[in-house]
1. Simple spin-label model, 7 Å along Cα-to-Cβ: B:T277 to B:A44 in nm?
2. Run through every distinct alpha carbon pair of segment B:262-339 and return the Kirkwood hydrodynamic radius in angstroms, one decimal place.
3. Give me the percent of the accessible area of segment A:204-436 that comes from carbon and sulfur atoms, probe 1.4 Å, all protein chains in place.
4. Which value in nm describes the separation of the simple spin-label points at B:V325 and B:L97, placed 7 Å from the Cα toward the beta carbon?
5. Could you state, as a whole-number percent, how many of the C-alpha pairs of segment B:225-316 are farther apart than 16 Å?
6. With N set to the number of residues, divide the alpha-carbon radius of gyration of segment A:204-436 by 2.2 N^0.38 Å and report two decimals.
7. Rank-order B:88-101, A:296-309 by packing density, defined as the average count of other C-beta atoms within 10 Å over each peptide's residues, highest first.
8. Only Lys, Arg, Asp and Glu count, each charged at its Cβ (+1, +1, -1, -1), so figure out the dipole size of segment A:204-436 about its Cα centre, rounded to 20 debye.
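The values are calculated or read from the model by the stated rules, or taken from the named source; none is laboratory data. Since the model is a prediction, treat every value here as computed from it, not as a measurement. Positions of Cβ are backbone-derived with ideal geometry, glycine not excepted, and every protein chain shown enters the neighbour counts. Heads up: the accessible areas ignore ligands, DNA and RNA and are worked out on the full protein's heavy atoms, side chains in. Shrake-Rupley method; radii C 1.70, N 1.55, O 1.52, S 1.80 Å.
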Amino acid sequence: PETIACLNLADIKIWVLTGDKLETAMSIGYSCNMLRDDMDEVFVISGLTQLEVQQQLRNAKENILGLRRLSSTGDVQKGDVFAEDSVFEETIISEYALVINGHSLAHALEPQLEHTLLDLACLCKTVICCRVTPMQKAQVVELVRRHKMAVTLAVGDGANDVSMIKTAHIGVGISGQEGMQAVLASDYSFAQFRYLQRLLLVHGRWSYFRMCNFLAYFFYKNFAFTLVHFWYGFFCGFSAQTVYDQWFITLFNIVYTSLPVLAMGLFDQDVNDQNSLRYPSLYKPGQQNLLFNKRQFFLCTLQGMVTSFLLFFIPYGAFSVMLKDDSSDFSDQQAFAVTIATTLVIVVSVQIGLDTHYWTAVNHLFMWGSLIVYFAILFAMQSDGLFGIFPSNFPFIGTARNCLSEKSVWLVILLTTVVCILPGLVVSFLRIAGLKKQRPQEQNLRRVRRTSSRRSAYAFSHQQGYGELITSGKNMRVSTLSSSRSLERIAQSSSWIENILKRKNEVSAQPAESHKADRLK
Amino acid sequence: MVKEEQEESPNRPDNTAFTQQRLPAWQPILSASIVIPMFVLIGAAFIGVGVALFIASRDIQLQELDYTGDDSAHPCYKCRSSTEKCTCSMTFSIPNLFKGPVFFYYGLTNYFQNQRKYGASKDDNQLYGDLDYFKDPSSSCDPYTRDSRNIPIVPCGALANSMFNDTFSLSHVVNGTQKIVPLNGKGIAWWTDYNVKFRNPSVTPLINAFNGTKKPTNWPKPIYELDTTDVYNNGFINQDFLVWMRRAALPDFRKLYRRITHDDYVNGLPAGNYTLTIEYNYPVYSFNGRKKVVLSNVSWMGGKNDFLGIAYIVVGSMCVVMSIVMLIVYAKFKFAEDD
């Protein structure tokens, strides 16, 4: 239940598809906190014919929208009730639930009714489908996947969940009593349902965050690297003369700059895991594609272009008359190349240093190691030894030594580095300073109402059979605490409910929201 | 019955800090108390460096003499498009003592030594003294690899072929007589070029190594006659040749020709009138290029270039301005929050 409450706070919609009877499913819903007593209405669709089902769906929808229109202050929208329902979806403040029978579902999944079903289902906070066959489970997932721009995740633990797991974007198998079929068909598998929380809110979030940072940095780095040639074209007769040494071009993306960004992509965290779990609404940027969209792409490309401009023109200005302090001339192609190449490596390394939020030992190693390796390879390749063996392949002999021993070159490098990095710092500082502080919605456990007011957690089926199960005490298990989160302690009291849940219900959860970044297969 | 996690222990993922993303880490946070002082510091340091650079650059003396001769009043006008040997001379005066050591450069404008095919047109193996490549130069030198009779050219390529061949001499007018200012051509190229990159073939006498090869098409003399007086300045290791072979990065460039280090002028060129005599061989008229002679001295940061000093001052002041702006924004935000 805590997992479900938590995921709800993160704007993830959860639907239950089970093969149980209606009463069982509803009882489970109440005990899991998916259905609540204070919900405005729980619509039960259990028609046997297509017409009945259609009627019930329409009635339910009208009910929701009618109430909505009544409660809206004067801004009544005329027109087709069933159009533009997605507009209403976000503004629904009262809570509805939908419970639909497998039989009715078979009718509702027909092409003419499926949109109605989908719209109605999305208007409701919770959807529970009972008596659902494995085929129908897959069909429901398919329906959401096809028509809503949302990412679907299916959780199941039995062989009858395999089709659903395969249909959804992400399939999660719970390894447990029912064998390994679900696990084998899924993308992720773990042993308990509550791990889903950590998977999504911690690792999923981090993964999105890292991926966006990685992408933005990669575009920036490569634009800065490549566009220098564009500027140089104006001064070399547009003959496509490369600014850099050939070896530098080969090794830049492979050796000099690949490892720091790899470390950032593996280890970076903006918020630590406890806080990620405590504030589920931190998950929202991922759902709304906030961290890497067209605007962000444009910005990082622009940053790359401006960097390349500065990277070229500052050395250009300095090299227009550049002499060594022993007067021999110095404004030659190879010294120019080495200066710009060194500046580029330093600038992009400093930039990734600023972008990395979480400096582990590996990050340190990769970052400083890359810089050291750059200088080592630079001096090695422009040394006498290699030139002696392959004269025509290493024409930059002696350049590094001559170039990097001049004070003026280091002054150029320092100036260019500072000019490229500081504007980014200023912009991010001003953005942080100007940002309004938002109080994240903390997962308030006190709001998780226990179902003890009207329904007792014990009476959840009209079937026989659970009596001896309860009294035998076999299901009383001490939930093992794998971490010391306080949430778990509250779960102990209803842990055996979880058991039954896992044993009897194939639960499917579907995060359904607006656009999401494509971090899926 | 309930199955515990222990059943899956062979499948259990590793519980190390590395695999469970629990590595200890440092999380730097950019706060105002770090960023704003940093900006002020950088701004102040840059302004200081910029002023030093600017002053150093201001103190360098420079004299430029354009001798392209495109203006009919110019002494070198007659040499502009002549094909045979032509000599012209220009007079100029130095108002104050030109502090030594003074350096003599020739400069070209609108000359794209950085053009890709042009710059790639040479054979490093040949220039390293490898005799195999004398007989068979690499194809990167095309079309300057072999002459019309298919004899290999040494040194091959467009870069070598277009070597600058004007020669200069400077004389000081003293008491009505022309006193030659001695020019020193030793060590004008990079040490690594002279000692490592370019090597003469180890054949004595040098001329024998070049049997069966021809000089580049546009050269008046073959490479082994570039300096017959000094065996250490002949062949591939000729200093003027090395200076030319080091491609310039930009279309307007200067290359070192000679140093003025003779005893009489070691402290500089005294004020007075001077005559520059030019043997005008190198044609630039066809591509609108210009030729000039530059006399300059150097400082600790190189030649006369105001750019770096000005750039440092500009960036330093912008840093200080930005830090003030950030301080204002931060103060506003802080007070707004406190309200």
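1. 5.9 nm
2. Numbers: mean 1/r = 0.0523 Å⁻¹.
After inverting the pairwise mean of 1/r, the radius is 19.1 Å.
3. Within segment A:204-436, the accessible surface is 73 percent carbon and sulfur.
4. Once both label points are built, they end up 4.9 nm from each other.
5. Percent of Cα pairs beyond 16 Å in segment B:225-316: 75.
6. Here the Cα radius of gyration is 1.13 times the empirical estimate.
7. Taking the mean over residues of other Cβ atoms within 10 Å, the ranking is A:296-309, B:88-101.
8. Value, rounded to 20: 1100 debye.
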